[in-house]
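Just below is one structure, and these are the notes that go with it.
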Amino acid sequence: MKSLLYAQFETIENIILSGLESVSKNELENFSKNEKKLDQMELKMSDNIVLTIGLEQPMAGELRQLVSYLRMLGDMERIGDQLNNILHFFQELTPKELPENQKESIHNMYDMSLIMVRKALESYENEDHETAIWTIKNDEVVDDMQRKLISRMLRKSTPPNIAIEDAINILNFGSILNSIERIADNATNIAEASIYYQDGIDLRHSDLPDSNDE
């Protein structure tokens, strides 16, 4: 699932940087196939985890690990959904690319969300507490980027005589930003599940532990 997600991220990054028309038909077909594979893998692996819990009766530590995996799988599948949503919003743009004056900022936000996903998954693989905490803390960074970008778009792109086409584009830009921000939220959820697996602390209902990693 991780490999499929990273392939999806790469396709969307190309679209953000160069526009939808720069991506080949074959690459878009692969993107669609990968989205279906992610859904199928999430369902199959979730069923396997539930079956394992029912048949093997795992001890407390193993049960915590399986529950955290179950949570992580759901968030990975939802990240795939958000990437698919971004593609859909690009298809609604006219022209089907970001304006030059917004491209760098949106790409920076997108790149930060990707870094959060990578670090959240690494925190699982390496049982790295500090990396999980870093991911959770940086969710606020992406939230702030989203707020500033939307505010700037509205200031720059809504003159009194705005065209309908431009207004639709603004709404789609906002939807793209919302999808990127939700990817960061899902990365945060994965990091919280990683902490639950490592420490048995459910951060959905607790304060964030102290960390020296800024």
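Treating only the Cβ atoms of Lys and Arg (+1) and Asp and Glu (-1) as charged, compute the dipole magnitude of the stretch 57-149 about its Cα centre; round to the nearest 20 debye.
So the dipole magnitude of the stretch 57-149 works out to roughly 180 debye.
Taking the Cα centre of the stretch 1-49 as origin and charging only Cβ (+1 Lys, Arg; -1 Asp, Glu), how large is the dipole, in debye to the nearest 20?
160
Leaving out ligands, DNA and RNA, and with a 1.4 Å probe, what % of the accessible surface on the chain is carbon or sulfur? Don't jump to the answer; show the numbers that get you there.
Numbers: 5520 of 11340 Å².
Carbon plus sulfur share of accessible area: 49 percent.
Could you state how much accessible area E13 has, in square angstrom rounded to the nearest 10, with a 1.4 Å probe and all protein chains kept in place?
For E13, solvent-accessible area is about 50 Å².
Work from the charge dipole of the stretch 1-132 (Cβ charges, +1 for Lys and Arg, -1 for Asp and Glu, about the Cα centre) and give the residue of L73, H107, V23 farthest towards its positive end.
L73
When we measure straight from the Cα of K156, which aspartates and glutamates land under 16 angstrom away, once same-chain ones fewer than 8 places off are left out?
Here the aspartates and glutamates satisfying the reach criterion relative to K156 are E100, E104, E165, D166.
Once you've got the Cα coordinates, tell me which of K37/K119; K36/K148; K96/K148 are over 31 Å apart.
Numbers: K37/K119 23 Å; K36/K148 34 Å; K96/K148 23 Å.
Among K37/K119; K36/K148; K96/K148, the Cα-Cα distance tops 31 Å for K36/K148.
Among 2-11, 136-145, what's the highest-first ranking by average C-beta atoms within 10 angstrom per residue?
Averaged packing, sorted descending, gives the order 136-145, 2-11.
About the Cα centre, and with charges only on the beta carbon of Lys, Arg (+1) and Asp, Glu (-1), how big is the dipole of the chain? Nearest 20 debye, please.
660
Here are some values of mean projected area of the Cα convex hull in nm²: [x] 16.0; [y] 11.8; [z] 13.1. Which one was computed from this structure?
Here the calculated entry is [z].
The values are calculated or read from the model by the stated rules, or taken from the named source; none is laboratory data. Because the structure is predicted, anything quoted here is derived from the model rather than measured. We place every Cβ from the backbone using ideal geometry, glycine too, and count neighbours over all the protein chains shown. Ligands, DNA and RNA are stripped out before the accessible areas are found, and what is left, the full protein with its side chains, is counted by its heavy atoms. Shrake-Rupley method; radii C 1.70, N 1.55, O 1.52, S 1.80 Å.
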